[in-house]
Amino acid sequence: MDNAPLVAPAVGLCVEGADWALEWITRRQTVLPKRLVAPGPSRAEIERLLTAAAAAPDHGQLLPWRFIDVPVAAREALGDVFAQALRERDPAATTEQQAQAREKARRAPLLWLLVVDARPRTEDVPVRERLISAGCAVQNIMLMAMAMGYGSALTSGKALDSAVLRQAFALSDADMPVCFLSIGTVCQARAPRARPAPAQLFSVWTPSLPIGGVS
């Protein structure tokens, strides 16, 4: 991964600023958690990551998402949760398969669980908007982590749907565990992947008449 520093333009240089921002954003790429090693972000850097997350759009200022830190000292316990979740899905899971599930908890020096409040508490801010807000917060964190020289990754998996994980993290019925966020120092870079062309991401709506019975 190319983390060569980019020098931010002076405030007010809109064209140069846009070019700089686009260059930085397009450098971001996922780094597998097994390739993320110590050191991870310091306490001060974590504070800055969360400050970046707080800049995400938040309709109604509901703060509908939160992160739960899984410190290194708790990784063995998380590994047990992953193994038990596997046994819930597959009582015939082998010892080796359970060991592989446990190993996933040991990767990356920083590991956070993203949780979204999915309760139907307001029609004005539906769950889809809260998920978008959470996604924006995650993207802000990942870009900020890259600016600090770290790599990052999002992972999910069937364990997120397990009763044992919900119990372990004391999640309420309204809490939706969305994914894990891993951050650390990149020990093995990979070539950037090809990005889709802008034309693949965009279309123009052409109304078809009659609409709603009106001709």
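The values are calculated or read from the model by the stated rules, or taken from the named source; none is laboratory data. Quantities reported herein were computed from a predicted structural model and do not represent experimental measurements. Cβ: placed from backbone, ideal geometry, glycine included. Neighbour counts: every protein chain shown.
Failed condition for residue 61, given (1) at positive phi; (2) crowded, with 18+ Cβ neighbours inside 10 Å; (3) not hydrophobic (A, V, I, L, M, F, W, C), with all others met?
(2)
Take the stretch 162-215 and flag every residue that is among the β-branched types (Val, Ile, Thr) and either modelled with pLDDT under 95 or in contact with a Leu (Cβ under 6 Å, 6 or more places away or on another chain) (or both).
Across the stretch 162-215, the qualifying residues are 178, 183, 204, 206, 211, 214.
Scan the stretch 16-62 residue by residue and report those that are more than 30 Å from residue 124 (Cβ to Cβ), at pLDDT 95 or above and assigned to a helix (DSSP H, G or I).
33, 34, 35, 43, 44, 45, 46, 47, 48
Could you check the stretch 75-96 and list, in sequence order, the residues that are loosely packed, with under 14 Cβ neighbours inside 10 Å and either without any contact (Cβ under 8 Å) to a residue 40 or more places away in the chain or hydroxyl-bearing (Ser, Thr, Tyr) (or both)?
Once the filter is applied, which keeps residues that are loosely packed, with under 14 Cβ neighbours inside 10 Å and either without any contact (Cβ under 8 Å) to a residue 40 or more places away in the chain or hydroxyl-bearing (Ser, Thr, Tyr) (or both), the stretch 75-96 yields 76, 90, 91, 92, 94, 95, 96.
In the stretch 99-215, which strands (runs of 3 or more DSSP E) lie fully inside it and hold 3 or more residues that are more than 18 Å from residue 32 (Cα to Cα)?
Counting at least 3 such residues, we get 110-117, 175-186.
Could you please give the count of residues in the stretch 63-81 that are of a type in the set (A, V, I, L, M, F, W, C) and either assigned to a loop (DSSP other than H, G, I, E, B) or farther than 28 Å from residue 143 by Cα (or both)?
4
Could you identify the single residue in 156, 133 that is within 21 Å of residue 25 (Cβ to Cβ), small (Gly, Ala, Ser) and either at pLDDT 95 or above or buried (at least 20 other Cβ atoms within 10 Å of the Cβ) (or both)?
One residue alone meets the criteria, 133.
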